[in-house]
Amino acid sequence: MTLPKTGTSKEAILESLEKYRENDTNWRSGRTWGYIFDAGKEAEEVAKAAYMMYLSENALDPTVFPSLLRFENELVAMGKAHVNGGDDVVGSFTTGGTESILLAVKTARDHNRKLKPHITQPEMILPITAHAAFHKASHYLGVKVVAIGVDPVTFKANADELEGAITENTILIVGSAPSYAHGVIDPIEEMAAIALRHEVLFHVDACMGGWLLPYFRRLGEDIPPFDFSVPGVTSLSMDLHKYAYAAKGASLILYKNKELRRSQIFSCAGWTGYSVVNPTIGSSKSGGPLAAAWAVLNFLGDDGYLELARKKLECMKALVKGITAIPELRVLGNPQMSLVCFTSDVVDPFQVIDEMKVKGWYIQPQLAMGPSPKNIHLSINASNTKWTEELLVDLRTCVEIAKGIKDTGGPLAAMVRASFSNADPEQFGPETFSQMLTMAGIKGVQLPGRMAEINEVMNALPPRFRELLLIEFINELFC
């Protein structure tokens, strides 16, 4: 495809855009239990109007558009008050949880370069349930991941194992509030105390829960301390485009003081152009997300968020109760937030997902890792809550259908497991993974209607093989 020789009319362009999204997931239906956070039509309209008002403003230089500086400072102020940050706590607005996490790791690395210059091979300690963004930060920033285990029943980080994992190279320890996969909060107080005793920075990944958990506590839930009220917590990430319902991308990275944040900021005057100073990763960036986040937080207000939290809490409890009542299913862990995952020892969860898709539901598969078996994941959104009972009815039906599907693992998964379980993934070239994609029925952008066998193949592979297979898939997917 090349650029058209002459321009296209506005009407034709908008018509094409509408046509191109015909096959996209209909997230406004409320039947999508993942990826989307929807507080309703009015909040969406406010976000879009504010976003478009500031679409063309550039947040590169806060002195040029002081309104954007005001939005950011007010969002940080509201965010830090929400997580018990005192006067010294500072922060930055970012494009999402991944950028917030990258910055937290970058800050820890550079802060320790000043204080502990003898560390040449920095390490950060992560529970195996910590978000993949920390592994991305490790890959980008050269900070080694030291993984620790979790309790096989609660899926919370093992604090005893943390103590033994600390070395002279440790620059950062991470806990989740909550972890994405199981919706449980790590023992933040215990982990932070260990970090404090060893004089190591401690980051709380509250990208999912930072906004919502304080409301659950106010609604009577037993939510343990996880924020800046905990001695030893030095930074915290909290997404606004999740349960604060801001437009993507909107997140906050907060630090206990300016001294720590100083290591986040990049500046360059050693070139012939204008002097550059970037508090976050991007330089030029639209003011739209900032304005939209500010608008939505002010539109919904504290009472609005509390009511949305009430609906999600009721939905979560109803789902846990309903799933537990289906004999073939069991909930993993004891979810403390609106993230629920469950599995089965009787039917194949991946087949259940395919059957639910036939009935118009999007629910997410999660592969086995450590003590967590393959499972089904639900991220509860405000627009999902009206469908709770219908989801449970269809889930029970789909479990019965899945019970009648034989050989759910498939011969391909069995072959993959036998061939690659003990193999060195780095010894295989791209052609091997390309052949595996073809054998699984994946050709270009075309995926099979049913994904159970593909998910089973992925589940059969060791994690590094999964990663290389996904790299090959994405490399083929895009031009």
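Straightening the chain between Trp271 and Leu3 buys 93.1 nm, computed as 0.36 nm per residue apart minus the Cα-Cα spacing.
Filter the GluC sites (Glu not before Pro) in segment 187-281 down to the DSSP loop ones having no more than 15 other Cβ atoms within 10 Å, then list what survives.
Glu199, Glu221
Taken one residue at a time, the phi angles of segment 213-221 give Karplus couplings (6.51, -1.76, 1.60, θ = phi - 60°) of 4, x, 6, 4, 4, 5, 8, x, 6 Hz. Gly and Pro are set to x.
Calculate, for Ser16 and Tyr140, the FRET efficiency according to 1/(1 + (r/R0)^6) with r their C-beta to C-beta distance and R0 35 Å; round to the nearest 0.05.
0.45
Cβ crowding within 10 Å ranks Val145, Val230, Val174 as Val145, Val230, Val174, fewest other Cβ atoms first. Each principal axis of the Cα atoms in segment 149-279 has its own extent, and those three values, largest first, are 58, 41, 24 angstrom.
Under the membrane-span-like helix rule (DSSP H runs whose alpha carbons stretch at least 20 Å along the helix axis, mean Kyte-Doolittle hydropathy 0.0 or higher), the chain yields 288-324, 388-403, 463-477. Once the Cα-Cα distance is subtracted from the 0.36 nm per residue extended length, the Ala418 to Glu476 segment shows a gain of 18.3 nm. For the pair Asn58 and Arg310, label points projected 7 Å from Cα toward Cβ lie 4.7 nm apart. Projecting the Cα atoms of Cys479, Gly91, Leu14 onto the charge dipole of the chain, computed from C-beta unit charges around the Cα centre, puts Leu14 farthest toward the positive end. Distance between the modelled labels on Glu199 and Asp160, one decimal in nanometres: 2.9 nm (7 Å Cα→Cβ projection). The helix-based estimate of mean residue ellipticity at 222 nm for the chain, built from -39,500 (n - 2.57) per DSSP H run of four or more residues and divided by its residue count, is -13500 deg cm²/dmol to the nearest 500.
Stretched out straight at 0.36 nm per residue, the stretch from Ala81 to Arg330 would grow longer than its current Cα-Cα span by 85.9 nm. Each of Ala247, Gly288, Phe299 was placed along the dipole of the chain (beta-carbon charges, centred on the mean Cα), and the one lying farthest toward the positive end is Gly288.
Between Ala318, Met78, Leu339, the Cα set farthest toward the positive side of the dipole of the chain (charges on each charged residue's Cβ, about the Cα centre) is that of Met78.
Cα centroid separation, segment 203-236 to segment 294-340: 16 Å. When the Cα gyration tensor is reduced to axis lengths a ≥ b ≥ c, the ratio a/c is 1.5 or higher for segment 207-294, and with a/b not above b/c it is classed as oblate. Determine the shape class of the chain: with a ≥ b ≥ c the square roots of the Cα gyration tensor eigenvalues, call it rounded for a/c under 1.5, and otherwise prolate if a/b is greater than b/c, oblate otherwise. It is rounded, given that a/c, with a ≥ b ≥ c, falls under 1.5. Put a plus charge on the Cβ of each Lys and Arg, a minus charge on the Cβ of each Asp and Glu, and nothing anywhere else: the dipole of the chain about its Cα centre is then about 520 debye. Note on Glu426 and Arg217: the model spin-label points, each 7 Å out from Cα along the C-beta direction, lie 4.4 nm apart. Quick one: grab the alpha carbon gyration tensor of segment 353-434, order the square roots of its eigenvalues as a ≥ b ≥ c, and give me rounded if a/c is under 1.5, else prolate or oblate depending on whether a/b is larger than b/c. It comes out prolate by the Cα gyration axes. Beyond 21 Å in Cα-Cα separation lie the following of the pairs Lys311/Lys386; Lys114/Lys258; Lys317/Lys386; Lys242/Lys359: Lys242/Lys359. A Förster distance of 22 Å, applied to the separation of the beta-carbon atoms of Ser229 and Asn73, puts the FRET efficiency at 0.50.
Each reported figure results from applying straightforward, stated rules to the coordinates on display, with no laboratory input. These numbers come from a predicted model, not from an experiment. Cβ: placed from backbone, ideal geometry, glycine included. Neighbour counts: every protein chain shown.
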